[in-house]
1. Within a Cβ distance under 13 Å of V191, other residues only, what is the Lys/Arg minus Asp/Glu net charge?
2. What size of dipole, in debye to the nearest 20, comes out for the chain about its Cα centre when the only charges are +1 on Lys and Arg C-beta atoms and -1 on Asp and Glu C-beta atoms?
3. At q = 0.13, 0.15 Å⁻¹, what is the log10 ratio I(q)/I(0) for the chain, with the Debye formula run over Cα points and no solvent?
4. In percent, what relative contact order does the chain have, based on Cα pairs under 8 Å that are 6 or more apart in sequence?
5. Roughly what angle does helix 2-16 make with the longest principal axis of the chain, taking Cα atoms, 0 to 90 degrees, to the nearest 10?
6. Once you have the Cα-Cα distance between V81 and D184, take 0.36 nm times their residue separation minus that, and quote the gain in nm to one decimal.
7. Of Y48, W290, G243, which is farthest along the charge dipole of the chain in the positive direction, counting Lys and Arg as +1 and Asp and Glu as -1 at C-beta?
8. Between S285 and A142, what is the FRET efficiency for a Förster distance of 30 Å, r being their Cβ-Cβ separation, to the nearest 0.05?
Amino acid sequence: MEKLKNWLSSVFYLFFLGGIGQEVPQAHISNGLIKAMIYLPDEHKGYYRGTRFDWSGVMPMLEHGGHSYFGKWFKKYDPKVHESVMGPVEEFGPIGYDKAKIGASFLKIGVGTLRKPEEPKYSSFNTYEIQDAGEWKVEHLANEISFKHVLNDRPYSYEYQKVIRLSPETSEMVITHSLTNNGDNKIATEVYNHNFFFLDSLNIGPGYVVRFPFKIVSQGKINGVEKFVKIEGKEIEFIKKLGKKDYVYIGEITGFDNNGSGYEIWVENRSSGAAVKITCDRPISRLVFWSAQKAVCPEPYIDLDIAPGATATWTITYDFYQL
């Protein structure tokens, strides 16, 4: 009954967005086994115009094998609010913020240069004034979509490319990235994928399990762990449903070898059967876990250190399957 209720709610949401959807630039891709909807970056009409996440790749819908994997998890929509995103969205750390004077610019890859206000410290949750949003170019094929973001705003200049591709006749979605530093200074930052999973529109609770290839050691700030989840060996298992104001947070998960291939994550709903395995060709540098009522989010980070004139690449693969 709950699954039907949540599905109807999801359908109503997509219907309600029908008027908005005609205004918001979007694209659909499919390989016959997977189909997905992707919102396109646009400074004036884009679904997401906040300053936290990379504007490319916001994905309100992906379906495979009769299961859905993403959807609206937040309550109130505002295109400039930091959390108005869905799907496998990514955030880069701010570049040049600490050295910038009040009113000067700092950089967020995939967003542009932002004006630094008078404030105690940088916050991902704030919406900053965009000084230069750069230029986006999008190319769309039946089973893939590519984004190119070019920014030429000294001292920051880069070319960022992201390609989301549904591998032909397989259950895989592959997201490839390249970031070329065309500026005068080194680009030293980190990037993580927030992975807003909302499997089969089922609220987060018993049935949801997140697995890793290493024994989980939780450190740092935590919230709601003992009440809502059980950490046992390599698994985080939900034991109680989260309410509207509840959340689970593990500020630092250790146990992985950051020199090895620890970037393997399984997210499963053992009630509905929807599941996905996430891998990357770069090692995890740090790992955070967060969950709310309608989103379960393993957040793996990788480090980037790009000299002027150099290019960094990384690829994340999502393999969707049924239990």
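Only the coordinates and a few stated rules stand behind these numbers; no lab work does. Because the structure is a prediction, the values reported are computed rather than measured. Ideal geometry is used to build each Cβ from the backbone, glycine not excepted, and the neighbour counts take in all protein chains shown.
1. Net local charge, V191 excluded: -2.
2. Numbers: 37 positive and 39 negative charges, 195 e Å.
With only Lys, Arg, Asp and Glu charged at Cβ, the dipole is about 940 debye.
3. With no solvent term, the Cα-only Debye profile gives -0.99, -1.34.
4. Rounded, it is 16 percent for the chain.
5. Between helix and principal axis, roughly 40 degrees.
6. Roughly 33.9 nm would be gained on extension.
7. Comparing the listed Cα positions along the dipole, G243 ranks first.
8. Step by step, r from the Cβ atoms, then E = 0.30.
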